[in-house]
Amino acid sequence: MAFTTLKSTQVAFLEKYLRGTNRTLTEAQAASLFGIQNLRARVSELRDVGLNVQTVPTKTTTRSAYRVSRRDIYGSQFKLLG
């Protein structure tokens, strides 16, 4: 059960939550905190719109975490999604 009710699309929420904040998010965290079941698909959508998404290895699991830099692939800091 998610603790947060998303009022925007999951991709727009992830842009706001991760972009330029130096936060990382794993699949387990996305599912338990926000109800996002397929984080890899949402990350792929972030990359498709031009955001610079880094994959960060985690120390405790074999899975990865994701981080989004402040600037997109074109160098802009403007918000891309809703």
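Computed from point charges on the beta carbon alone (+1 for Lys and Arg, -1 for Asp and Glu), the dipole magnitude for the chain about its Cα centre is near 220 Debye. Note on Lys16 and Val49: the model spin-label points, each 7 Å out from Cα along the C-beta direction, lie 1.1 nm apart.
Projecting label points 7 angstrom from Cα along Cα→Cβ for Arg40 and Arg70 puts them 3.2 nm apart.
Legend: Rg and Dmax of the chain, from Cα coordinates, 12.2, 37 Å. Residues of the range 49-80 with the amide nitrogen closer than 11 Å to a label point 7 Å from the Cα of Ala28, along Cα-to-Cβ, please. Residues 59-64 qualify, since their backbone N sits under 11 Å from the label point.
Bear in mind that the values in this text are calculations on the coordinates, not laboratory data. Predicted, not measured: the structure shown is a model, and the values here were computed from it. Don't worry about glycine lacking a Cβ; one is built from the backbone with ideal geometry, like all the others, and counts go over all protein chains shown.
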